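Here is the structure we will look at.
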Amino acid sequence: MIGHADRCRTAGRGPSPRNATASAAVAILCALAASPAWAGATFDRLKAQGSFKCGVVRQAGVAIGDVDATGQWRGFFPDFCRVVAAALTGDPDRVEYVLVAARNRMKVLHDREADVVMQNATLTLTREAVEQVSFPAIYYYDGQGFMGHVGLRARNLAELRSAGKAKACVLTSTTTEMGLRELVATTHPNVEILPVDTQDGYFTSFALRQCDIVSHDRLFLSAHSRRKDLGEVVVFPDVISKEPLGPMVRADDRAWELLVRWAVHATIQAEELGLTSANVAARRASDKSPPVQRLLGGIPGLGAALGVADDWALRIIETSGNYGEIYDRNLGAGSDLKVERGLNQLWTKGGLLYAPPMR
């Protein structure tokens, strides 16, 4: 077997026309790998200890994020903790899960009680410029929505405006609270806002009819709409904001940010290339196309550029699957939620998901 160093030594020795493209690709990746790696205290520490702390939130069952019957964290957001662990260590289970809440997630990051937060946190200018956190990638495109008791006799915002006085519960320290306040100030002065500090308190207030509606990301509302303790509810069709959700890291370590970013993008790229947990090993051996070989480590260099093994993406796909597999088993056709992908389809299918070039 030809090693990484041997490939780099022979990459520039006048390739034949037939192998010119592959040799050029190897040469470029070898140059990347030979470049000085990004250095950072967080990345270096996590590489040395072989694990990291991932902040997660319990959110309406294991579809989105919760502990299953065996005591293991499962769901769409915890799955991306596993994705990063596979990239960093080769083992998706090398994660310590840390419970966070909307009100303290920034503090948990800055206090170094977590190295990344994986939940429905929205990328905003203020969070990146003022709160000094970074959102390496977007793994779910959502929007702010509303859910009300059927007894309110309002099934959308237009009917709510004519329904008389109504009380709305919303979690404090969220973009949702800001969006709701802007809505009330501009078009819905009949709505009284009841801020709540905790997720449990938020839904307890709603279940006890202390508020008529709740506002949150639509994915979150879709999951909670199935709760029996809330009674009969309706999720409004209205969407009043853009909520691009992504992992959140401290803005102080470029190397760690890069690994989280490209780990997420690897799941999207895998779906674009038709790579799945079931076929990825066979495709690595049989599919010699440069995009597949670069992603799976057949052409060396990408892993070294990130500071990890060249098979980093192979380990992600083998253990977690591509983005479509992650989505389907947690949120889509293979789950109880059956949430259509919509904006979270690949760009080739009319959605917004798009992996930047991996070369």
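Just so it is clear, none of the values below were taken in a lab; they were calculated from the coordinates. Keep in mind that this is a model prediction, so the values were computed, not measured. Cβ: placed from backbone, ideal geometry, glycine included. Neighbour counts: every protein chain shown.
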Given the options 348, 276, 122, state which has the largest fluctuation in a GNM of the chain using a 10 Å cut-off (strictly under) for Cα springs.
348
Using alpha carbon centroids, what distance separates segment 280-359 and segment 171-196, in Å?
38
The chain: antiparallel DSSP beta bridges as a percent of all, rounded to 5
55
Between residue 339 and residues 5 or more places away or on another chain, which pairs have amide H atoms under 5 Å apart, with H built 1.01 Å from N, and which residues are they?
332
Efficiency of FRET from Cβ geometry, residue 91 and residue 190, R₀ 51 Å, rounded to 0.05:
0.40
Go through segment 96-112 residue by residue and turn each phi into a ³J(HN,Hα) via Karplus (6.51, -1.76, 1.60, θ = phi - 60°); whole Hz please, and just put x for glycine and proline.
10, 7, 10, 6, 10, 9, 4, 6, 10, 5, 5, 5, 4, 5, 5, 7, 6
For residue 54, what residues show an amide H to amide H distance below 5 Å, using hydrogens built from the backbone and excluding near sequence neighbours?
96, 97, 98, 115
Residues in segment 51-78 reached by a label modelled at residue 107 [backbone nitrogen below 14 Å; 7 Å Cα→Cβ]
none
Inter-site label distance for residue 279 and residue 227 at 7 Å from Cα along Cβ, in nm
4.1
Which helices, counted as full DSSP H runs in the chain, have an axial Cα extent of no less than 15 Å and a Kyte-Doolittle average of -1.0 or above?
20-34, 76-89, 175-186, 254-273
In nanometres, the difference between 0.36 nm per residue of separation and the alpha-carbon distance of residue 163 and residue 200 is 10.6 nm
Per residue of segment 155-170, in order, report the coupling 6.51 cos²θ - 1.76 cosθ + 1.60 (Karplus, θ = phi - 60°) as ³J(HN,Hα) in whole Hz, putting x for Gly and Pro.
10, 7, 5, 5, 5, 5, 5, 9, 8, x, 5, 8, 10, 10, 8, 8
Cα shape, segment 144-241, gyration tensor, a/c 1.5 rule:
rounded
Whichever aspartates and glutamates have a C-alpha closer than 18 Å to that of residue 338, once near sequence neighbours (fewer than 8 apart) are set aside
66, 79, 142, 217, 325, 328
